[in-house]
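Each remark here refers to the structure printed beneath this line.
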Amino acid sequence: MKKLFAEFFGTYWLVFGGCGSAIFAAGIPELGIGFAGVALAFGLTVLTMAYAVGHISGGHFNPAVSFGLWAGGRFPAKDLIPYIVAQCIGAIAAAGTLFTIASGKAGFVIDNTKAGAFASNGFGAFSPDGYSLQSAFIAEFVLTLFFLLVILGATDKFANGRFAGIAIGLALTLIHLISIPITNTSVNPARSLSQAIFVGGEPLSQVWLFWAAPILGAIVAGFIYKSLLQNHDAA
């Protein structure tokens, strides 16, 4: 149960910090943090929780990461569903907190006809810069694949594990710097689901892509690392 609570709190912090920065701070006139600030916020949430609770649960905070670690031989299949449930509950709880805070401002309403509403992900008309389903799928697949390669490499027993959290947090920052204009950046099915539930409409109907592409990319990365990059001779 401690592992599941760690995943709950870690995913909660990721969504609250990352999506919260997009909802509350990105667009403030003249003082807004912009895309770069949101990207950094997502990276910082993972970095801080990796050191806070990573030693308890492994610091997944993301269903795609759990699948990728399973494919890489680092995580047992029997724990996949419990971890993913804990991650999704944490993400939805964070989105609920964000909604409650946002509702305290006069005139607040979620416009689910607008791209990126309530930090949601999307493609086509719901992509921040109008990218197609194909473009969104490729971006999410490739970026999650490389995110898992970083995670698997940085946490390898032959790597310097003290700096794993920094590498992983910076990788997530870079991912957001690349892909916020494309999909508003997911690479995390729980993060996408939590926001889409509150937005509804077309963003909710598009959330399948933000499960399929990241999970497929993560699984491919797991097999690539295990087969081509892992130092089996030294194991």
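The values are calculated or read from the model by the stated rules, or taken from the named source; none is laboratory data. It should be emphasised that the depicted structure is a prediction, and the values quoted were computed from it without experimental measurement. Note that each Cβ is placed from the backbone with ideal geometry, even for glycine, and that neighbours are counted across all protein chains shown. Calculation scope for accessible area: heavy atoms of the full protein, side chains included, ligands and nucleic acids excluded. Shrake-Rupley method; radii C 1.70, N 1.55, O 1.52, S 1.80 Å.
Of note:
- The requirement of being open to solvent by 50 Å² or more (accessible area, probe 1.4 Å), modelled with pLDDT of 95 or more and over 20 Å from residue 39 (Cα atoms) is satisfied by residue 220.
- Residue 133 being under 18 Å from the mean Cα position of the chain (by Cα), open to solvent by 60 Å² or more (accessible area, probe 1.4 Å) and farther than 21 Å from residue 71 by Cβ: no
- Among the numbered conditions (1) touching a residue at least 40 places away in the same chain (Cβ under 8 Å); (2) surrounded by fewer than 22 Cβ atoms within 10 Å (Cβ to Cβ); (3) in contact with a helix residue (DSSP H, G or I) (Cβ under 9 Å, 6 or more places away or on another chain), the only one that residue 200 does not meet is (3).
- The one condition from (1) acidic (Asp, Glu); (2) open to solvent by less than 10 Å² (accessible area, probe 1.4 Å); (3) at pLDDT below 95 that residue 140 does not meet is (3).
- Flag: residue 174 matches the condition of being of a type in the set (A, V, I, L, M, F, W, C), over 16 Å from residue 71 (Cα atoms) and assigned to a helix (DSSP H, G or I).
- Per-region count, the stretch 163-192, residues under 18 Å from residue 132 (Cβ atoms) and free of Cβ contacts under 8 Å to residues at least 40 places away in the same chain: 1
- So residue 126, is it among the aromatic types (Phe, Trp, Tyr), open to solvent by less than 60 Å² (accessible area, probe 1.4 Å) and touching a Pro at 6+ places or on another chain (Cβ under 7 Å): yes
- Criterion violated by residue 162 - all others in (1) at pLDDT 95 or above; (2) open to solvent by 30 Å² or more (accessible area, probe 1.4 Å); (3) more than 18 Å from the chain's Cα centre (by Cα) satisfied: (1)
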